[in-house]
Every structure is written in C-alpha cells, then in structure tokens.
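The structure appears below as structure tokens.
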Amino acid sequence: MSEKIYLYPMWIRLWHALNAILIILLIITGVSMQYTDPSNPLIRFDIAVKMHNISGMILTLNYLIFLTGSFITPNGKYYKLTLKGLFPRLMKQFMFYTFGIFKHEKAPFPVTKESKFNPLQQFTYVIAMFMLVPIVIVTGWALLYPEVVLTKFLSGSGLRVNDFIHVIIGFFVSFFMFIHIYFCTIGATFVSNFKSMITGFHESH
Ligand code: HEM
C-alpha cells in the first residue's frame, strides 16, 4: 500500500520549475558561448549572451525567493544540516543506494513530514543551493559589471580568476543536475518523484 504525504508546497514547486528551466537555458547558452565554433555556433553568439544574461538575472530573483522562503517558512528546516554523525549517515544512505536497494531492504531514512530528505539528498541540496548556485550568481554578476571585480588577483587578471570560478562551478551545478535527476528516478516508481514536484504529494512504498 503506498502512502502520500504533502511535502512540496506550491511556492517550492513554482520556484523549482522556474529554477530548472533557467538552469537548463543557462547551460545550453553557456556551452554554446564557451565551445561552439564562432563561425558556426549552436546559438548565435550575441543571442546566446543576451539569453544567458537575462536568464541569470531571473535566476537571481528566483534564488532570492528560495532564500527568503527558506527563512520564513517551515521548508527551511529540511535544509538544517546536523554535522554530528553526518559521515556515517551519508555512508548508510550510500550503502543503501549501492547494495541495499538491490536486496529490497527498507530505506534507512524513510521519508516523513519531519524529514523529507535522506542524508545524501540533504547534503547535496545544501551544497547546491547554499554554495554552488550563490557562487555562480555572484561571479556571473561580477562578469556583467567587471569594473567592480578586482582587476588584479595574485599578479594575474582578477577577471580571469572570476571567469574560471564561474565556469567551473557552473559545471558542478550541471553535474549536480544530472545526478539529481538520476536519483529522482529512484522512488516508489520511476516517475513518482517527478509527479511529486507537480502535485506536491510524495508517494512512499
Ligand atoms: C530538469 C531538471 C530537474 C528535474 C527533473 C528535477 C527534479 C526534482 C524532483 C523530482 C524533486 C523532488 C524529489 C526530491 O525532493 O528529491 C526535486 C527536488 C529538488 N530539486 Fe530538482 N530537478 C531539476 C533541476 C534542479 C536544479 C537545477 C536544482 C538546483 C540547482 C534543483 C534542486 C532541487 C532541490 C533543492 C529540491 C528540493 C526542494 C524542496 O523540497 O525543498 N533541481 N527536483
């Protein structure tokens, strides 16, 4: 018998949908600017720049909604990482994903209203939302307004260091997204976690 718990309020679902669309747009336009042949680009360079800049600006506003929501609504409690015993908890979940799940063992950290993320989800969501995304946003704005960035950094160009951080962390966000989507397929059924982000209800076994 499957059980349904309301875990994803409307504002989280709307934030998440916009966030996912914008990040996909940022990845496509970013990759086009970085890698494609300028004479035969994936997206015309000036259009890619404009789309990237506008998506980044909307992402910033959307991120501020996530940040404010995380402070003023009960959803923020799910992101409070307890460092004590974190490593053993991460290992326990990791062992479940790599072995236990194939032996049909019970999930070591079942989803409840009090704790909707397992330790690996919580850890990666905290890193993505409170480290990676803010770094990409800040370095992105710095590239838009280079006059505010250090012009020199350890005798090199401050702009280059900033650009390097923006691209590398952007890659990490892309990497996070692919792994995230893969793990979202491990639910009660292949699609049940995706449905949760539409209906708000999480389905457990
Ligand atoms: C097409 C792209 C994406 C899909 C299909 C997707 C799918 C999902 C699904 C099914 C969930 C609910 C399951 C769960 O809580 O783990 C979820 C939650 C979440 N996703 Fe994504 N995601 C995408 C992109 C992203 C991106 C780009 C980020 C951040 C950079 C992100 C961050 C999160 C966070 C923080 C949650 C938990 C929200 C909360 O309940 O507070 N997702 N995602």
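Readers should treat all values here as calculations from the given coordinates under stated rules, not as data from a laboratory. Computed from a predicted structure; not experimentally measured. So basically every Cβ, Gly included, is an ideal-geometry build from the backbone, and we count neighbours across all protein chains shown.
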Query raised in the report: For the chain, what is the relative contact order in percent, using Cα pairs closer than 8 Å and at least 6 residues apart in sequence?
Result: 28 percent
Query raised in the report: Using DSSP loop states and a limit of at most 16 other Cβ atoms within 10 Å to flag GluC sites (Glu not before Pro), what is the longest stretch of the chain containing no flagged site?
Result: 1-104
Query raised in the report: Could you give the angle, 0 to 90 degrees to the nearest 10, between helix 45-72's Cα long axis and the longest principal axis of the Cα atoms of the chain?
Result: 40 degrees
Query raised in the report: Mind checking the dipole of the chain: about its Cα centre, +1 per Lys or Arg Cβ, -1 per Asp or Glu Cβ, Debye to the nearest 20?
Result: 600 debye
Requested in this report: Report relative contact order for the range 99-181 in percent, whole number only (criteria: Cα-Cα under 8 Å, sequence separation at least 6).
Outcome: 25 percent
Report task. Determine, for each peptide in 117-129, 188-200, the mean count of other beta carbons within 10 angstrom over its residues, then list the peptides with the highest first. Result -> 117-129, 188-200
Requested in this report: May I ask you to list the lysines whose Cα is less than 26 Å away from that of Lys116, ignoring any residue fewer than eight positions away on the same chain?
Outcome: Lys4, Lys77, Lys80, Lys84, Lys92, Lys103, Lys106, Lys195
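Shape verdict for the chain, please, from the Cα gyration tensor: rounded (a/c under 1.5), prolate (a/b greater than b/c) or oblate.
Numbers: a/c = 1.99, a/b = 1.85, b/c = 1.08.
Prolate, since a/c reaches 1.5 and a/b exceeds b/c.
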Query raised in the report: How much net charge surrounds Ala188 when only the other residues with a Cβ under 15 Å from the Cβ of Ala188 are counted, with Lys and Arg +1 and Asp and Glu -1?
Result: +2
